[in-house]
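Values quoted throughout were computed directly from the atomic coordinates according to the rules given, and no laboratory measurement underlies them. Everything quoted here is computed from the prediction, not taken from an experiment.
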Amino acid sequence: MTGKVTTHVLDLSLGKPASGVVVELWQVGPDNTYEFIQFSQTNEDGRVNQPLLEGDSMKKGIYEIRFHVGNYFRNRGPLLGDPSFLDCVPVRFGISEPASHYHVPLLISPGGYSTYRGS
């Protein structure tokens with residue numbers, strides 16, 4: 001089994017996938033420094049086309065996915081405010097088993113968000 005990190009974004013206020021959300025993956029160092037790994041953008045299904053991390057790149061450690069939802073909400077219209085309440089949502093998580101699948105979804109609405117470890 002090859003480990004990987006995947007994600008998707010769902011807009012709960014519409015009950016639909018959130019397309020066009022920029023997603024960045026960072027590794028967090030022991031002294032709280034950040035190393036940029038890669039960025040992607042959600043497709044029409046709210047998913048990124050490739051895993052954010054996989055195979056030999058999977059290492060034990062602390063990571064952070066930054067979901068840039070502000071532009072997504074601004075593109076939905078002026079009723080949501082400018083700037084929108086949420087701009088960049090950071091989700092920090094740990095990889096303890098590099099051979100496992102870590103799915104980190106983000107559920108958003110204009111006034112809040114939630115996440116969980118999916119499958």
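For the chain, what is Rg from Cα atoms divided by 2.2 N^0.38 Å, rounded to two decimals?
Details: Rg = 14.4 Å, N = 119, 2.2 N^0.38 = 13.5 Å.
Ratio of Cα Rg to 2.2 N^0.38 Å: 1.07.
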Review point. In sequence order, what are the phi-derived ³J(HN,Hα) couplings for the range 57-64 according to the Karplus relation 6.51 cos²θ - 1.76 cosθ + 1.60 with θ = phi - 60°, rounded to whole Hz, with x for glycine and proline?
Key: 6, 6, 10, 4, x, 9, 10, 9
Study note, to complete from the structure: For the range 9-14, in residue order, the Karplus 3J(HN,Hα) values (coefficients 6.51, -1.76, 1.60; θ = phi - 60°; whole Hz; Gly and Pro = x) are 10, 10, 8, 5, 5, 9
